[in-house]
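Beneath this line is the structure, given in C-alpha cells, with notes to follow.
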Amino acid sequence: GDHPVVQPKQLSFKITQTDLTMLKLAALESTKNQDLEKKEGRIDDLLRANCDLRRQIDDQQKLLEKYKERLNKCISMSKKLLIEKSTQEKLSSREKSMQDRLRLGHFTTVRHGASFTEQWTDGFAFQNLVKQQEWVNQQREDIERQRKLLGKRKPPTANNSQAPATNSEAKQRKTKAVNGAENDPFVRPNLPQLLTLAEYHEQEEIFKLRLGHLKKEEAEIQAELERLERVRNLHIRELKRINNEDNSQFKDHPTLNERYLLLHLLGRGGFSEVYKAFDLYEQRYAAVKIHQLNKSWRDEKKENYHKHACREYRIHKELDHPRIVKLYDYFSLDTDTFCTVLEYCEGNDLDFYLKQHKLMSEKEARSIVMQIVNALRYLNEIKPPIIHYDLKPGNILLVDGTACGEIKITDFGLSKIMDDDSYGVDGMDLTSQGAGTYWYLPPECFVVGKEPPKISNKVDVWSVGVIFFQCLYGRKPFGHNQSQQDILQENTILKATEVQFPVKPVVSSEAKAFIRRCLAYRKEDRFDVHQLANDPYLLPHMRRSNSSGNLHMSGLTATPTPPSSSIITY
C-alpha cells in the first residue's frame with residue numbers, strides 16, 4: 001500500500017511501410033542487370049576495338065617498317081646513283097683537265113736552291129698564237145721596209161718644185177746612170193729605179209691593203225688570246241680544285257651527320273673546305289662548309305674560332321630573304337672539325353665573273369646593286385639590325401653565273417649586330433679593327449685613336465659604291481694594284497677623299513653621282529642604307545618632270561635628290 005504506483009509509460013511507434021512491391025523490385029533488378037550487361041557488352045566492344053586498333057597499329061607498324069625499309073632502299077639507291085654520277089664527273093673532269101694541259105698549259109715544279117716552286121708553262125694553243133703574232137710582226141716589218149724603199153723610188157711631183165718626169169726622161173736618166181757607171185773608175189751603189197706615178201700609187205695601195213689585212217689578223221689573234229686567257233683561268237682553277245680534292249680527307253663520298261652525302265669539292269679556303277652535298281632527308285642539294293681547326297693551335301684559340309663560327313651561325317640562321325643565302329644546319333664532327341650547311345647555288349661569285357670578263361654594262365651592274373641594296377635594307381629592318389661589314393665581289397653569288405640574273409649575299413663571319421647595348425646615336429664601336437677586306441672598307445674603319453672608331457650601316461653603303469665602280473670600270477676605285485699591307489701602310493683609304501672616274505668606258509652621269517653618294521668621305525655626308533634604298537637611281541619607272549626637278553614615280557613623288565645628284569631616265 002505504501003509503495004508508489006508506477007504508471008506505465010505509453011509508447012508510440014510509427015511504422016513506415018514501403019511502397020515497393022515485389023514487381024518493382026524485380027523491375028529494378030532487371031534494369032540493373034541490363035545495365036551491367038550493357039557495360040559488359042561495351043567493355044567487350046572496347047576490348048574488341050582495342051584489339052582491332054592494336055592489330056591496326058601492328059599492321060601500320062609493319063607497313064611503316066616496310067616503308068622505312070623501302071625508303072632506306074631508295075636512299076641507298078640514291079646514294080649509289082649520286083656516288084656513281086659524282087665519280088663519273090670526277091673522272092671526266094680529270095680527263096678534260098689532262099687534255100687541256102697540252103692545249104692550255106700546266107704547272108711544273110722548279111727547284112730553286114733548296115726549295116721548290118710551281119711554275120706555269122703555256123700549252124700549244126698559246127704557243128701557236130705567239131708564233132702567229134711573230135709572223136704578223138715580221139710581215140709588218142717587211143712591208144714597212146718595202147714602203148721605205150718605195151719612198152725612195154717615188155717619182156718627183158709638182159710639190160717637189162720639179163716637173164714630173166716622163167717615161168722617156170726616166171729612161172734617159174737610167175741610160176746616163178748606166179753609161180756613167182761604166183766610165184767611172186769608182187764603184188757606186190745602184191740607185192733605186194724611179195717608178196712612174198701610176199706604178200707608185202699602185203704599189204702603195206697594195207702595201208696599205210696588206211697592212212690592213214695584218215691589222216685585222218692581229219685583232220683576231222688578240223681576241224683569241226683574250227678568249228684563251230679566260231679559258232686558261234678556268235683550267236687553272238680546275239687544276240687547283242682537283243689537287244685540293246685529291247688531298248682532302250673527305251674525297252671518298254662520306255655521309256656526314258647521317259644525312260649529308262658529300263659529292264665533290266667546290267673550293268678551299270684557309271681553314272675550311274666547301275663541298276657540294278646532297279641532303280638525304282630533305283632531298284635537295286646543299287653546300288657543306290667543313291671547318292678544320294689546326295691541331296697545333298692552343299685550346300684557347302680553338303675555342304675562340306669555334307665561338308666565332310657559332311656566332312656567325314646564330315646570326316645567319318635567323319635570316320630569311322631571297323637575296324641572302326640560307327643557312328640550314330650546323331653540327332660538329334669532332335673536337336677539331338665542325339660543319340655549316342648552306343643553300344647551294346649553281347653559279348660562281350661576282351669576283352670570278354669580273355676576273356673573267358673584267359667589267360659589265362651599266363644596266364647589269366645596276367641590277368646587281370639593286371639586289372644588294374634590297375638585301376641590306378632587309379638586314380636593317382629586322383630586330384636587331386645587322387651590318388654585314390664584309391661586302392665584296394667574292395661574297396656575292398651569281399645564281400646562274402651571269403651578270404643578268406639573281407644574286408645572293410653570303411659569309412656573315414664579320415657581321416655586327418646593332419643591339420641596344422652596343423649601338424648608340426653615333427654608331428657602335430668597331431671592336432674588330434684590322435679585319436675585313438681593305439679595298440671595300442670606308443675611311444672611318446682605318447682611324448686609329450684612344451677610342452675605337454664608330455661605325456654604322458654606312459660601312460656597307462661604302463662597299464656598295466666600291467663594288468658598283470669595279471663592275472663598271474673593271475678596277476677598284478682606291479688601291480687597285482696595292483696589297484692590303486700597302487693600303488694599310490700608305491693610308492690609301494684615309495686619303496681617298498674623292499673618287500676619280502676613268503674616261504672609258506662611258507658611264508652615265510647618274511651612275512657617277514650615285515657612286516659619289518656611296519663614297520662620300522665623311523660618314524656624316526654619306527647615305528645610310530635606308531636613304532640608299534630610296535635613291536632615285538635605283539627606283540623604277542623614273543622620269544623627270546618638265547616643270548620642276550621633282551621625281552615622279554607611278555603617281556608618287558619622291559624626295560628631291562641632293563644638288564650633286566641627277567636622275568636617270570629609262
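The values are calculated or read from the model by the stated rules, or taken from the named source; none is laboratory data. Bear in mind that the values here come from a model prediction, so they are computed numbers and not experimental data. No Cβ is skipped: glycine too gets one built from the backbone with ideal geometry, and neighbour counts run over all protein chains shown.
Quick notes
- Which numbered condition residue 266 fails, given (1) under 16 Å from residue 82 (Cβ atoms); (2) buried (at least 16 other Cβ atoms within 10 Å of the Cβ); (3) out of contact with any Lys or Arg (no Cβ under 7 Å at 6 or more places or on another chain): (3)
- Qualifying residue in segment 539-557 (condition: at pLDDT 50 or above, within 30 Å of the chain's Cα centre (by Cα) and not hydrophobic (A, V, I, L, M, F, W, C)): yes
So that you can scan it fast, the table gives a plain yes or no per residue for (1) in contact with a Gly (Cβ under 7 Å, 6 or more places away or on another chain); (2) among the β-branched types (Val, Ile, Thr):
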{"site": "400", "(1), (2)": "yes, no"}
{"site": "403", "(1), (2)": "no, no"}
{"site": "431", "(1), (2)": "no, yes"}
{"site": "435", "(1), (2)": "no, no"}
{"site": "450", "(1), (2)": "no, no"}
{"site": "464", "(1), (2)": "no, yes"}
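- Any hit, segment 290-304, residues being small (Gly, Ala, Ser) and surrounded by 15 or more Cβ atoms within 10 Å (Cβ to Cβ): no
- No other residue among 368, 382 is buried (at least 22 other Cβ atoms within 10 Å of the Cβ) and either over 16 Å from the mean Cα position of the chain (by Cα) or within 29 Å of residue 506 (Cβ to Cβ) (or both) apart from 368.
Matching residues to (1) touching a residue at least 40 places away in the same chain (Cβ under 8 Å); (2) assigned by TED's automatic domain parsing to the domain that holds residue 414; (3) aliphatic (A, V, I, L, M):
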{"site": "316", "(1), (2), (3)": "yes, no, no"}
{"site": "321", "(1), (2), (3)": "yes, no, no"}
{"site": "325", "(1), (2), (3)": "yes, no, yes"}
{"site": "328", "(1), (2), (3)": "yes, no, no"}
{"site": "331", "(1), (2), (3)": "yes, no, no"}
{"site": "336", "(1), (2), (3)": "yes, no, no"}
{"site": "339", "(1), (2), (3)": "yes, no, no"}
{"site": "358", "(1), (2), (3)": "yes, yes, no"}
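- Entry remark, segment 493-545: residues being outside any loop (DSSP other than H, G, I, E, B) and closer than 25 Å to residue 483 by Cα number 3 in total.
- Residue ID - surrounded by the most Cβ atoms within 10 Å (Cβ to Cβ), chosen from residues in segment 336-361 that are of a type in the set (S, T, N, Q) and touching a helix residue (DSSP H, G or I) at 6+ places or on another chain (Cβ under 8 Å): 340
- Among the residues of segment 442-488, the one identified as crowded, with 16+ Cβ neighbours inside 10 Å, among the acidic types (Asp, Glu) and more than 19 Å from the chain's Cα centre (by Cα) is 444.
- Here residue 246 clears all of (1) modelled with pLDDT under 90; (2) surrounded by fewer than 14 Cβ atoms within 10 Å (Cβ to Cβ); (3) not aliphatic (A, V, I, L, M) except the condition numbered (1).
- Of the criteria (1) under 30 Å from residue 149 (Cβ atoms); (2) outside the structural domain of residue 98 (by TED's automatic domain parsing), which one residue 261 fails: (1)
- All positions within segment 69-84 that are exposed (fewer than 12 other Cβ atoms within 10 Å of the Cβ) and either within 27 Å of the chain's Cα centre (by Cα) or basic (Lys, Arg) (or both): 70, 73, 80
- Number of residues in segment 442-485 that are in a helix (DSSP H, G or I) and at positive phi equals 0.
- For residue 488: the one exception among (1) aliphatic (A, V, I, L, M); (2) closer than 29 Å to residue 370 by Cβ; (3) assigned to a helix (DSSP H, G or I): (2)
- Residues in segment 289-340 that are in a strand (DSSP E or B), of a type in the set (Asp, Glu) and either more than 25 Å from residue 382 (Cβ to Cβ) or within 18 Å of the chain's Cα centre (by Cα) (or both): 334 alone.
Conditions (1) under 15 Å from residue 233 (Cβ atoms); (2) outside any helix (DSSP H, G or I); (3) charged (D, E, K, R), marked per residue:
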{"position": "79", "(1), (2), (3)": "no, no, yes"}
{"position": "93", "(1), (2), (3)": "no, no, no"}
{"position": "98", "(1), (2), (3)": "no, no, no"}
{"position": "103", "(1), (2), (3)": "yes, no, yes"}
{"position": "108", "(1), (2), (3)": "no, yes, no"}
{"position": "111", "(1), (2), (3)": "no, yes, yes"}
{"position": "116", "(1), (2), (3)": "no, yes, no"}
{"position": "126", "(1), (2), (3)": "yes, no, no"}
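- Selection count, segment 249-263, where residues are over 24 Å from residue 92 (Cα atoms), charged (D, E, K, R) and surrounded by 14 or more Cβ atoms within 10 Å (Cβ to Cβ): 1
- Every residue from segment 267-283 that is of a type in the set (Lys, Arg) and modelled with pLDDT under 95: 268
- Of the criteria (1) closer than 30 Å to residue 235 by Cα; (2) free of Cβ contacts under 8 Å to residues at least 40 places away in the same chain, which one residue 384 fails: (1)
- Condition met for residue 117 (modelled with pLDDT under 90, among the hydroxyl-bearing types (Ser, Thr, Tyr) and within 30 Å of residue 97 (Cβ to Cβ)): yes
- For the criterion of being surrounded by 15 or more Cβ atoms within 10 Å (Cβ to Cβ), within 13 Å of residue 439 (Cα to Cα) and out of contact with any strand residue (DSSP E or B) (no Cβ under 9 Å at 6 or more places or on another chain), residue 514 fails.
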